[in-house]
Each structure stands twice: as structure tokens, then as C-alpha cells.
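Enquirer: Below you'll find the structure I mean.
The values are calculated or read from the model by the stated rules, or taken from the named source; none is laboratory data. Remember, predicted model here, so these are calculated numbers, not experimental data. Glycine also receives a Cβ, built like all others from the backbone with ideal geometry; neighbour counts cover every protein chain displayed.
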Amino acid sequence: MSNTYLKSLVIDDDIPSVPGRTDEGTPISLTDFKGRALAVFFLGKGFERTELTLVKNIKRRIDEFLEFECSPIVVSMEPEEILSSAREAEDLPFLLISDYHGAIHEAVNGLPTESAIGSWIVNDESKIVAAVPSMPPREQVSATVAALSRIVARPGSNAHA
């Protein structure tokens, strides 16, 4: 991994154009979603009980994200095969991105990390408009939805297209 990024990204920064892969193996970058608001959940290595609880909670609350015209996306350091198995087993209606080599995590956190770093809300112009620190899965999803509702409710927020 390179040390191109020397600091963690913050509110009003552009989301980095760093490639990952979908759970189907297709190359993708978060900037490919310009024009669409995103709720990006970052997971480290391991797709076990905690991570599974998080994705199940996102799935359970998918309608809330969609009401705000916001697509939830999970970025994990697991290989796409593991993410594909999780998507299939849980019938997940949102995108899972593999960051197996940690380039996306490094770009957003300033340093490579194998631990979760929370979630972001990214507006339709690919700018970070809110950050939620890592917390237990149910609380993480609730705090992200709450932050999203505050942003969308704010006049002129640009949180959705």
C-alpha cells in the first residue's frame, strides 16, 4: 500500500477515487456513484457475527435509506468470494465492495487499517457530508440514518439528487 494519503478525510472532502471490487469481482470506485447520495459503511477484516449483524440491520432499514434517495454500501477488507457468499446467504439488496488490499481504507483513514472506521454519508457531488464513528452494529445503522435525516432535512443540503 502506498502512503499517498497523509491524513484522514473529513467533512467537505471529496471521496477518494480508489478502486475496489464488487462482490461479483467487477472493478468499482466510490466515485462511480457521483450523482447519487451514499451511506458508506466501512468494515475491517473478518465477516463474522458483528459484521453480519451490521449488514442485517442495514437490510432491515433499507427503506429508510431509500426514502432519502441514499444507497447504502458496505466496504470490507474481505475478498469478494466471502462477500458474495454473505450477499447470497442474507439476500442483501445493497452493494458490498471488497477492499482486500486495504487501499480504500488507507485512502479514507490516512493509514492502512484492519479495523472498522465507521460510516460516512456522501452527497450526490461525491463530497463527505457526515461521518459516524465506529460503534456497535445496531447503533451504527441508527446513527447513520439519523445523520442522513438531519442532512436531508437541512435546506440546500445536496444530500440527494
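Enquirer: Given 28, 15, which one is touching a strand residue (DSSP E or B) at 6+ places or on another chain (Cβ under 6 Å) and closer than 24 Å to residue 146 by Cβ?
Expert: On the way: 28 fails: closer than 24 Å to residue 146 by Cβ.
Selected residue: 15, the only one of 28, 15 that is touching a strand residue (DSSP E or B) at 6+ places or on another chain (Cβ under 6 Å) and closer than 24 Å to residue 146 by Cβ.
Enquirer: Restricting to the stretch 61-90, count the residues that are farther than 22 Å from residue 31 by Cα and touching a helix residue (DSSP H, G or I) at 6+ places or on another chain (Cβ under 8 Å).
Expert: Going through the stretch 61-90 one residue at a time, the tally reaches 4.
Enquirer: What single numbered condition from (1) modelled with pLDDT of 95 or more; (2) under 15 Å from the mean Cα position of the chain (by Cα) fails to hold for residue 30?
Expert: (1)
Enquirer: If I ask for residues that are surrounded by 15 or more Cβ atoms within 10 Å (Cβ to Cβ) and either at positive phi or among the charged types (D, E, K, R) (or both), which ones from the stretch 14-29 would you list?
Expert: 21, 23
Enquirer: Restricting attention to the stretch 4-50, and to residues there that are without any contact (Cβ under 8 Å) to a residue 60 or more places away in the chain and charged (D, E, K, R), which single residue is nearest to residue 84 (Cα to Cα)?
Expert: 48
Enquirer: Working only within the stretch 73-113, note down all residues that are assigned to a strand (DSSP E or B) and more than 20 Å from residue 11 (Cα to Cα).
Expert: Listed by number, the residues that qualify are 76, 95, 96, 97, 98.
Enquirer: Further question: Given the conditions (1) crowded, with 16+ Cβ neighbours inside 10 Å; (2) under 21 Å from residue 152 (Cα atoms); (3) charged (D, E, K, R), which single one is not true for residue 106?
Expert: Single failed check for residue 106: (2).
Enquirer: Can you spot a residue in the stretch 2-9 that is of a type in the set (A, V, I, L, M), outside any strand (DSSP E or B) and either over 18 Å from residue 117 (Cβ atoms) or within 12 Å of the chain's Cα centre (by Cα) (or both)? Talk me through it step by step, then tell me what you get.
Expert: Kept after step one, since they are of a type in the set (A, V, I, L, M), are these residues of the stretch 2-9: 6, 9.
Next, from what is left, pick out any that are outside any strand (DSSP E or B): 6, 9.
Then drop every residue that is not either over 18 Å from residue 117 (Cβ atoms) or within 12 Å of the chain's Cα centre (by Cα) (or both), which leaves none.
The answer is no, given that none of the residues of the stretch 2-9 is of a type in the set (A, V, I, L, M), outside any strand (DSSP E or B) and either over 18 Å from residue 117 (Cβ atoms) or within 12 Å of the chain's Cα centre (by Cα) (or both).
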